[in-house]
Amino acid sequence: MRRREFIGLIGSAAATSPMGVLAQQPNGVRRIGFLLGLSENDPEAIARTAALREGLAATGWIEAHNIRIEYRFAGGDAERVSAYSAELVALAPDVIVAQSTPVVAALKRATSNIPIVFVAVNDPVGQGLVKSLARPGGNITGFSFIEFEMIGKCLGLLKEIAPAVTRASFMFDPDLAPYFSFYLRQIGSTPGRLAVKLTEAPVRDTSEIEANIANLGLGDGLIVGPDPFTVVNRRVIIRSAERQGLPAIFTLRQDALEGALMSYGPDTADMFRRSASYIDRILKGARPDELPVQAPTKFELVINLKAAKALGLDVPLQLQQRADEVIE
C-alpha cells in the first residue's frame with residue numbers, strides 16, 4: 001500500500017472516531033497538533049510558538065513532560081496546508097491549534113471530531129467555520145483576528161500620518177482571504193468615513209505585489225491586509241513601498257520592526273498565549289461547542305520614525321504619544 005493511501009485511511013479513521021476516544025500517548029502524555037500558515041523561521045511564527053508554550057506552561061502543560069506538540073508550518077503554501085492538515089488528523093491528536101482561515105478551513109474538511117482551537121482567524125462565522133461566536137457548534141472554536149472596523153481604523157491612521165493621501169489600496173490575496181472584499185464593501189457603505197478612496201489591490205505572487213505598488217504615486221497610500229501570503233511576503237511589500245515612496249500601514253508589529261512605516265493590529269503573541277486556556281479546558285474534558293469564540297483584547301500601534309523620515313513625513317507628536325512603540 002502506498003504511503004499516501006495509508007495516511008488517507010488513518011486520516012479517515014481519525015476523522016470518524018468519537019471525540020472522547022482519540023488516541024492518547026503512553027504514560028499520560030497528551031498530543032497537540034500545531035499548524036501555522038507561516039514559515040518555521042519567520043519571527044512571527046517563532047513569537048507565536050513561544051507564546052503558546054508559555055500559556056500552556058502557565059496552565060500546567062509542559063512540553064516533553066505531559067504534552068507532545070506536533071509542529072507543522074505551511075509557509076503560505078496552499079498545498080502544504082492541505083498536506084499538513086491530513087498529516088495531523090492522521091496522528092489523531094487530542095486537540096489541534098490552527099492559525100489562519102485557510103488552515104482552519106482545511107482542517108474542517110479533514111475532521112469533524114478532533115477539537116480545533118483556531119487563533120488569528122478572520123470572520124469565522126462568515127467563512128462557515130463556526131455557527132456563531134457565542135455558540136460555535138461542532139468541533140471548532142477559538143480566537144478571531146480582525147473585523148472590518150479595524151480596516152477603517154487603519155485608514156484613519158494612514159491619513160493622520162500622511163495627510164496628503166487621498167487614495168488607499170488594500171492589498172491582500174483574494175484566494176486566501178476572500179472576506180476582505182466583503183469588508184471593503186462594508187467600509188465603502190459606511191456614512192461619514194474619511195475622504196479617502198479605498199480600492200482593492202489583489203495579489204497572488206510577488207510580481208503582482210511589485211506591479212501593483214509600481215502603479216501607485218502621489219496621493220496614494222497602502223493598507224496591507226494580514227493573510228498568509230502577504231505576511232510571508234511582507235519584506236517584498238515593505239521594500240517595494242520604500243522604492244515607490246509610498247506610505248503604508250501593516251497589521252503586525254513585526255512589519256514595523258522590519259522597516260514598515262506603521263503597524264496597527266491585535267497582539268498575536270497575546271492571542272496565542274490566551275489560546276492555551278481553551279486547550280487546557282479541552283484536554284480536561286470541555287467540548288469546543290461549549291467555548292465561545294473570543295475577540296482580540298490587546299492591540300498595538302507601532303510607528304517607525306526612520307521610515308517616516310525617509311518618506312518626508314513629520315509624525316504628529318500626538319500620534320507618537322498614542323503609539324505603544326516608536327522605533328527611532
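The numbers here are math on the coordinates, done by the rules we state, and not lab data. Remember, it's a predicted structure, so these values are computed and weren't measured experimentally. Cβ sites come from the backbone with ideal geometry, for glycine too, and all protein chains shown count toward neighbours.
How much FRET efficiency would the formula 1/(1 + (r/R0)^6) give for K153 and N66, where r is the Cβ-Cβ distance and R0 is 41 Å, rounded to 0.05?
0.50
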Legend entry - Restraint check, K153/K306; K131/K284; K159/K309; K197/K298; K159/K306, Cα-Cα greater than 26 Å: K197/K298
Legend entry - Dipole axis of the chain (+1 Lys, Arg; -1 Asp, Glu on Cβ), positive-most option in P226, I238, G259: P226
Inset, instruction - Choose one of I69, A323, A269: the residue whose Cα lies farthest towards the positive end of the charge dipole of the chain (beta-carbon charges +1 Lys, Arg; -1 Asp, Glu; about the Cα centre). - result: I69
Inset, instruction - Please say if the range 202-328 is rounded, prolate or oblate, where rounded means a/c under 1.5 for a ≥ b ≥ c the square roots of the C-alpha gyration tensor eigenvalues, and otherwise the choice is prolate for a/b larger than b/c and oblate otherwise? - result: oblate
Legend entry - Prolate/oblate/rounded call for the chain, Cα gyration tensor, a/c under 1.5 rounded: prolate
Inset, instruction - Work out the length of the dipole vector of the chain about its Cα centre, built from +1 on the beta-carbon of each Lys and Arg and -1 on the beta-carbon of each Asp and Glu, and round it to the nearest 20 debye. - result: 620 debye
Inset, instruction - Lys and Arg at +1, Asp and Glu at -1: add these up for the other residues within a Cβ distance under 15 Å of D289 and post the number. - result: +4
Legend entry - For V203, residues with placed amide H under 5 Å, excluding near neighbours: F172, D173
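About its Cα centre, how strong a charge dipole does the range 217-290 have in debye, to the nearest 20, once Lys and Arg get +1 and Asp and Glu get -1 at the Cβ? Kindly include the intermediate steps, with their values, before the conclusion.
Numbers: 10 positive and 10 negative charges, 42 e Å.
With only Lys, Arg, Asp and Glu charged at Cβ, the dipole is about 200 debye.
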Inset, instruction - For F299, enumerate residues with amide H under 5 Å from its amide H, sequence gap 5+ or separate chain, H modeled in the peptide plane. - result: D267
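Explain nothing, just the number: dipole magnitude of the range 199-328 about its Cα centre with +1 on each Lys and Arg Cβ and -1 on each Asp and Glu Cβ, in debye rounded to the nearest 20. Could the numbers behind the result be given before it?
Values: 15 positive and 19 negative charges, 64 e Å.
Once rounded to the nearest 20, the dipole reads 300 debye.
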Inset, instruction - Let me have the relative contact order for the chain, percent, based on Cα pairs under 8 Å that are six or more residues apart. - result: 19 percent
Legend entry - Cβ crowding within 10 Å averaged over residues, with 224-237, 51-64 ranked highest first: 224-237, 51-64
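Given a Förster radius of 35 Å and the C-beta distance between A57 and S132 as r, what FRET efficiency does 1/(1 + (r/R0)^6) yield to the nearest 0.05?
For R0 = 35 Å, the calculated efficiency reads 0.65.
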Inset, instruction - Could you work out the local net charge near P136, counting Lys and Arg as +1, Asp and Glu as -1, over the other residues with Cβ closer than 15 Å to its Cβ? - result: +2
Inset, instruction - Count the DSSP beta bridges whose two residues both fall in the chain, then state the antiparallel fraction as a percent rounded to the nearest 5. - result: 10 percent
